[in-house]
1. Near the amide H of LYS87, under 5 Å away, which other amide H atoms are found, from residues 5 or more places off or on another chain, if H is placed in the peptide plane?
2. Kindly state, to the nearest 0.05, the FRET efficiency for ASP41 paired with LYS89, given R0 = 22 Å and r defined as their beta-carbon distance.
3. Please get the size of the charge dipole for region 24-111, origin at its Cα centre, with Cβ charges of +1 on Lys and Arg and -1 on Asp and Glu, quoted in debye to the nearest 20.
4. Mind giving me the nanometre distance, one decimal, between the label points for ARG48 and LYS71, set 7 Å out from Cα along Cα→Cβ?
5. Working from the pairwise distances between different alpha carbons, so that the mean of 1/r is found and then inverted, what is region 24-111's Kirkwood radius in Å?
6. How large is ³J(HN,Hα) for each residue in region 46-56, as worked out from phi by the Karplus curve 6.51 cos²θ - 1.76 cosθ + 1.60 (θ = phi - 60°), to whole Hz, x for Gly and Pro?
Amino acid sequence: MKNLIGITAAALLVTIWGTQAAEPSEGAALFKKKCASCHGDDGKGETRMGKRLGAKDYTDPKVLAELNDEKAFTVIKEGLKEDGKTKMKPEGDLTDAQIKALIAHMKAFGKK
Ligand code: HEC
């Protein structure tokens, strides 16, 4: 019986840890891993891929002002196509919380 409680407690801890991981710091890590190849570590989009695809400068307040949470969410989840060309592939394996952390991370670009 004691053992069972121990296992349950451990499983609960893992669950809590997993939920808490989707914080802005995770947004930063995810962004680096999955998004920086186009958008750049700094969000300016000054990478080879970013320039070719026309990634915007997300440190520019005007660009940030147009960053709409809902649209950003859809784009990150389902990808972005313009004129039949894929600009961004869907990131279907991200959780909603991770996507929100990514958007929060992008919004903070202008404040650096
Ligand atoms: C293959 C290159 C590429 C990758 C990788 C990429 N993006 Fe994009 N993304 C683009 C381009 C190009 C645009 C369109 C121009 C712009 O808004 O910068 C865009 C647009 C966006 C937008 C704006 C959507 C809108 O119109 O409001 C968001 C938000 C975004 N990307 C987030 C991300 C996140 C988060 C990741 C990582 C999970 C990511 N992108 C990975 C190329 C990429």
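Where a number appears in this text, it was derived from the coordinates with a stated rule and is not lab data. Remember, it's a predicted structure, so these values are computed and weren't measured experimentally. For neighbour counting, all protein chains shown are included, and Cβ atoms are generated from backbone atoms with ideal geometry for every residue, glycine included.
1. LEU80, LYS81, GLU82
2. 0.70
3. 300
4. 3.0
5. 12.9
6. 8, 9, 4, 5, x, 5, 5, 8, x, 5, 7
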